[in-house]
Amino acid sequence: MNNNPAYCGLSQEQLDAHWMPFTANRQFKQDPRLIKSAQGRYYTDAFGRKIFDGLSGLWTCGAGHSRDKITEAISKQAKELDYAPAFQFGHTKSFELAHRITEFMPANLNRVFFTGSGSESVETALKIARGYWRKKGMASKTRFVGRAKGYHGVNWGGISVGGIGANRAIYGQGIDAIHLPHTMTAENQFSQGMPEHGAHLADELEQMIAVNDAANIAAVIVEPMAGSAGVIPPPVGYLKRLREICTKHNILLIFDEVITAFGRVGANTGAEEFDVIPDIMTTAKQITNGVIPMGAVISKQEIYDTFMDTSGPDYMLELPHGYTYSAHPIACAAGLATLELLEEEQLIARSKALAPTFEQKLHSLQGSSHITDIRNYGLAGGLTLAAKDGQPALRPYEVAMKCWQKGFYVRYGGDTIQLGLPFSTEDSEVDSLINAIGEALSETE
Ligand code: PMP
């Protein structure tokens, strides 16, 4: 037993037993950062300190933590129907939730396939895209177009279409994917909201089609606003251009909205906010407020109908795909409660109302001699830390740890610090958070 309070009573053997994801395990296990509880917009750590949740968990908990409505729905559901077979039998909550989700979607995205995570949603969407073309007699359409700096989860399809080199480097060959350039250009540094320049970068898709032939391309997949690479809002006109080119060449457009759906950009979806409708959308995270793992893939009816265009009762004729935990009853109950809470408390409208204040305060960090770019949209924000004014680059990890010590949780990834505020955040909390980041930057020097 270790008496250090940071260990919360865990032995070193217990700490060592858990191989943690996306974490420097050796470092963490010498200096653990354990969270004991969460309420509203705050965590409580091992020392009993309140920590503001500046990333809403992992972009998951926009409605705040430990919300009674959700926890009660989960508890009730667990007592009534804890699990139901996901295949060939059903339960009412999945149909209710599927329908509820379609009400949050742009018109015509109205068929919902449930998964257990964002990564599973991405794999599902990629398989639907390939299966769709095969069903339509165009089996050569198998290649995918992703984008540099894109994050689409960690499964094989996701890392293949994803554009974060570090997540692919040690694994070797994935599935067949080529990549558009990202839109985080020098001329867009410090732009607020959607950058003015960069729509032309979507035209690269025409070049890729010229080289690869649309007859070989199943789909283009992008996050309408990239999240994990450090928050990259789309340039004005960029997504529209992608949509036009996909439509012109008979290529499906998939929006990975695992972060952006259900409020993060101040609207129900990125598709709605940026006024571009994909053929398939992947979601997860905020559906259940992060409380129970769940993802959903929402597709156009025409795609669903293409899979239904079979005769005979054999499911293998439709979509031979699904997960043991697809439409888990407890996740569905959590999802229904979450979507109700978002509406009841007008949380998406509140997040939209706070966005200008957040934007203005976030960009007040521009003067820092360590920040080379600031980006934002809705209640998401990203800072790039690189060498500037003759100063060496700060390590985002150290800045994030300084913030944690000051009572603020922010995420670091690559050379960025990332923020995703809870939807009910107050002005004074934005102030304190930005001040803490400013102090952390100067103290890390
Ligand atoms: N796609 C996007 C856009 C994401 O942001 C994430 C998670 N950050 C994923 C997919 C993967 O989701 P999960 O971690 O639930 O598998």
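The values are calculated or read from the model by the stated rules, or taken from the named source; none is laboratory data. Bear in mind that the values here come from a model prediction, so they are computed numbers and not experimental data. When we count neighbours, we look across all protein chains shown, and the Cβ atoms used for this are built from the backbone with ideal geometry, even at glycine.
Summary of computed values
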quantity	calculated
Criterion violated by SER369 - all others in (1) more than 16 Å from the ligand (Cβ to nearest atom); (2) surrounded by 20 or more Cβ atoms within 10 Å (Cβ to Cβ); (3) closer than 27 Å to PRO396 by Cβ; (4) among the small types (Gly, Ala, Ser) satisfied	(2)
Subset of the range 323-339 [within 21 Å of the chain's Cα centre (by Cα) and either part of a loop (DSSP other than H, G, I, E, B) or surrounded by fewer than 17 Cβ atoms within 10 Å (Cβ to Cβ) (or both)]	TYR323, TYR325, SER326, ALA327, HIS328
Residues of the range 156-193 satisfying the condition of being assigned to a loop (DSSP other than H, G, I, E, B) and surrounded by 20 or more Cβ atoms within 10 Å (Cβ to Cβ)	GLY162, GLY163, THR183, MET184, SER191
Qualifying positions in the range 100-119 - away from the ligand (no atom under 15 Å from the Cβ), part of a helix (DSSP H, G or I) and crowded, with 20+ Cβ neighbours inside 10 Å	ILE101, PHE104
Candidates ALA440, ALA353, ALA436 - the one that is modelled with pLDDT of 95 or more, over 24 Å from THR183 (Cα atoms), surrounded by fewer than 19 Cβ atoms within 10 Å (Cβ to Cβ) and among the aliphatic types (A, V, I, L, M)	ALA353
Tally of residues being among the hydrophobic types (A, V, I, L, M, F, W, C) and either under 14 Å from ARG111 (Cβ atoms) or not assigned by TED's automatic domain parsing to the domain that holds THR338 (or both) across the range 87-101	4
Residues of the range 139-176 satisfying the condition of being of a type in the set (A, V, I, L, M, F, W, C) and either more than 16 Å from VAL220 (Cα to Cα) or free of Cβ contacts under 8 Å to residues at least 60 places away in the same chain (or both)	ALA139, ALA148, VAL154, TRP156, ILE159, ILE164, ALA166, ALA169, ILE170, ILE175
Positions within the range 35-68 being within 30 Å of LEU336 (Cα to Cα) and in a loop (DSSP other than H, G, I, E, B), in sequence order	ARG41, GLY54, LEU55, THR60, CYS61, GLY62, ALA63, GLY64, SER66, ARG67
Residues being under 19 Å from the mean Cα position of the chain (by Cα) and outside any helix (DSSP H, G or I) - total across the range 120-151	7
Considering residues of the range 132-155 that are within 16 Å of the ligand (Cβ to nearest atom) and surrounded by fewer than 23 Cβ atoms within 10 Å (Cβ to Cβ) only, the residue nearest to LEU317 (Cα to Cα)	ASN155
Search result, residues across the range 396-412 that are out of contact with any strand residue (DSSP E or B) (no Cβ under 8 Å at 6 or more places or on another chain) and surrounded by fewer than 20 Cβ atoms within 10 Å (Cβ to Cβ)	GLU398, MET401, GLN405, LYS406
Test: residue in the range 157-178 that is within 15 Å of the ligand (Cβ to nearest atom) and within 19 Å of LEU319 (Cα to Cα)	yes
Search result, residues across the range 203-233 that are hydrophobic (A, V, I, L, M, F, W, C), part of a loop (DSSP other than H, G, I, E, B) and in contact with a Leu (Cβ under 9 Å, 6 or more places away or on another chain)	VAL231
Failed item in (1) outside the structural domain of LEU336 (by TED's automatic domain parsing); (2) touching a strand residue (DSSP E or B) at 6+ places or on another chain (Cβ under 8 Å); (3) surrounded by fewer than 21 Cβ atoms within 10 Å (Cβ to Cβ), with SER56 passing the rest	(3)
Residues satisfying the stated conditions in the range 257-270, i.e. touching a Pro at 6+ places or on another chain (Cβ under 9 Å) and surrounded by 24 or more Cβ atoms within 10 Å (Cβ to Cβ)	GLU257, THR260, VAL265, THR269, GLY270
Elements of type strands (runs of 3 or more DSSP E) contained in the range 359-437, each with 1 or more residues being over 18 Å from THR60 (Cβ atoms) and hydroxyl-bearing (Ser, Thr, Tyr)	371-377, 380-385, 416-420
Selected residue (criterion: farthest from the chain's Cα centre (by Cα)) from residues of the range 340-381 that are within 16 Å of GLN286 (Cα to Cα) and among the small types (Gly, Ala, Ser)	ALA349
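Okay, residues lined up against (1) within 16 Å of the ligand (Cβ to nearest atom); (2) under 28 Å from the mean Cα position of the chain (by Cα); (3) not acidic (Asp, Glu):
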residue: PRO5; (1), (2), (3): no, no, yes
residue: GLU13; (1), (2), (3): no, no, no
residue: HIS18; (1), (2), (3): no, yes, yes
residue: LEU34; (1), (2), (3): no, yes, yes
residue: PHE47; (1), (2), (3): no, no, yes
residue: LEU55; (1), (2), (3): yes, yes, yes
residue: ALA63; (1), (2), (3): no, yes, yes
residue: THR71; (1), (2), (3): no, yes, yes
residue: GLN77; (1), (2), (3): no, yes, yes
